[in-house]
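First the structure, in the form of structure tokens, and then the observations on it.
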Amino acid sequence: MSNTIDSILAFLKWPVAVVAVLLVPGSLLAAFEVVSRSFENPWPVIYLVAGAAMYLLAWKLIFKRAIWGTWFSTLEHEITHAIFALLTFHWVTGLRTTYNQGGSMSYTGKGNWLITISPYFFPTFSVLLLLLFGLISEEDHIYVSLALGVSVCYHMISTFREFHPRQTDLQKVGFIFAYLFLPVANLLCFVGIFAFAYGGMPAILEYSRDVVKITIDLGRDFIN
């Protein structure tokens, strides 16, 4: 099964990159719609932004220093690889992290580009926090919203720091593909989280529909 999925993803790699580029205008325009809708229920978004600001300040004052190492961000990085390995039917056979010398994750089978590039757009801890919203009372949503803001800011900073020419993952998928795919992949993920903060899953679905609709409309206008 994993070999079949790997072959399909290998075939779809560059078509996915092309689609990602085509989705950029629609994703941006739909993002403005999300921001405008958030004013209808602003407090969850305010808490999210406050959490992000808190982590940014803490990072600048404390966590930016080399003494803290990279163990935690490396752990999230390798866990994300492992999640996408499992999602594409690869058994994870090992996961290792170090204090400041990176880490590794091993799995059965050939593998695919989605496993390789996943940590650079998928905010694992943020997605785990989203799952908590359905398990806790509304009174406690404020705390999850704050934590969600922290996790989003953390992921943005760690991803930015990991995106460099010496990064073996990006060398493996190719920097051209990474530059084509990752901008819209990150935009969709983070705007989706922003939408969830004020409107839950219906807001994410509405954003997704807007992206598709606006992209189709722009395509029709271009052709005509």
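The values are calculated or read from the model by the stated rules, or taken from the named source; none is laboratory data. Everything numeric here is computed off the predicted structure, so don't read it as measured data. With ideal geometry, Cβ positions are generated from the backbone for all residues, glycine too; neighbour counts draw on all protein chains shown. Each accessible area value is taken on the protein alone, full model and side chains, heavy atoms only, with ligands, DNA and RNA left out. Shrake-Rupley method; radii C 1.70, N 1.55, O 1.52, S 1.80 Å.
Tabulated values for the structure
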| read-out | value |
| --- | --- |
| Label point distance in nm, ILE8-LYS64, each placed 7 Å from Cα along Cα→Cβ | 4.5 nm |
| Positive-end extreme of charge dipole, the stretch 166-224 - chosen from ILE204, PHE190, LEU180 (charges on Cβ) | LEU180 |
| Packing rank of 125-133, 113-121, 79-87, where each peptide gets the mean count of other beta carbons within 10 Å, highest leading | 113-121, 79-87, 125-133 |
| Net charge dipole size for the chain [Lys, Arg +1 and Asp, Glu -1 on Cβ; Debye, nearest 20] | 780 debye |
| Dipole-positive endmost among LEU86, ILE5, LEU61 within the stretch 1-92 (Cβ charges, Cα centre) | LEU61 |
| Inter-site label distance for LEU218 and PHE160 at 7 Å from Cα along Cβ, in nm | 2.4 nm |
| Trypsin sites (Lys or Arg not before Pro) lying in DSSP loop within the stretch 71-163, provided at most 14 other Cβ fall within 10 Å | LYS110 |
| Percent RCO, i.e. relative contact order, over the stretch 57-178, from Cα pairs under 8 Å lying at least 6 residues apart | 21 percent |
| Size of electric dipole in the stretch 130-186: Cβ of Lys, Arg +1 and of Asp, Glu -1, about Cα centre, debye, nearest 20 | 460 debye |
| Of the DSSP H helices in the chain, those whose Cα atoms cover at least 20 Å axially and whose Kyte score averages 1.0 or more | 2-38, 42-58, 175-223 |
| Under 16 Å from LYS172, Cα to Cα: lysines that are on another chain or at least 8 residues apart | LYS13, LYS110 |
| Solvent-accessible surface (1.4 angstrom probe) belonging to ILE216, in square angstrom, nearest 10 | 80 Å² |
| Mean ellipticity per residue at 222 nm, deg cm²/dmol - from DSSP H runs of n ≥ 4 across the chain, formula -39500 (n - 2.57) | -25000 deg cm²/dmol |
| Rounded Å value of the spacing that divides the Cα centres of the stretch 204-224 and the stretch 134-196 | 23 Å |
